[in-house]
Structure formats: structure tokens, C-alpha cells
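The values are calculated or read from the model by the stated rules, or taken from the named source; none is laboratory data. Owing to the predicted nature of the structure, the values given are computational and were not obtained by experimental measurement. Neighbour counts run over all protein chains shown; Cβ positions are idealised from the backbone, glycine included. Protein only, heavy atoms only, side chains kept; ligands, DNA and RNA dropped before computing areas. Shrake-Rupley method; radii C 1.70, N 1.55, O 1.52, S 1.80 Å.
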Amino acid sequence: DTTDIPTIVTNIINLILGFLALIAIVIVLIGGFEWMTAGGNDDKVKTAQKRLKYGLIGLVIVFVAYGVVTYVMTTIPDLVGGNPVITP
């Protein structure tokens, strides 16, 4: 039953979170590349470290959001007497 609304919403949220995780990973890779090519320049190293930090923070946020969505979509239907949208 992939045509009901909760399943469609869950799939859309998972797609968006996957895209955001991909963006965060690309940011981390760019930061690592900038750090490796900084050549000892302190300003470039600091910029690369900031980019790495923000990319990792974004990745953690995406994983936490995925966990919250999974928890909500499995718990709420149980509370109202329906079937869970995601089976753990």
C-alpha cells in the first residue's frame, strides 16, 4: 500500500533528508580538499576547518532529523490505533 498519504509524506521527507545529507557530505569533501591544498596558509586552513565543522554539524542534524521522522512515523500510528508507516 504505497499510495496512502503517510507513506507518500514519509518517502518525500526521506528523499529530502537524503539530498541534504548528500550536500553535507559534499561540503565536508570540499573542506577537506581545501585543507589539503592550503599549503600552510593559516587563513585557508581556518576557512577549510570552518567548512568541515559546518558540514559535519549539518550531517548530524540530518541524521537526528531522520531519527525523529522514523520515531514519529512508527510511534504516532500506534498511539491512534493505526498501522505504523515505517516498520523498524
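Measuring r between the beta carbons of residue 76 and residue 20 and using R0 = 22 Å, the FRET efficiency lands at 0.45.
The alpha-carbon positions of the chain define a convex hull whose volume is 82 Å³ per residue.
Projecting the Cα positions of 71, 47, 32 onto the charge dipole of the chain (unit charges on Cβ atoms of Lys, Arg, Asp and Glu, taken about the Cα centre) puts 47 furthest along the positive direction.
Ranked from largest to smallest solvent-accessible area, with a 1.4 Å probe on the protein heavy atoms, 36, 73 come out as 36, 73. To the nearest 10, the accessible area of residue 26 is 70 Å² with a 1.4 Å probe. Between residue 61 and residue 37, the distance separating the two model label sites (each 7 Å from Cα on the Cα→Cβ line) works out to 2.6 nm. The share of alpha-carbon pairs in the range 1-42 lying farther apart than 17 Å comes to 54%.
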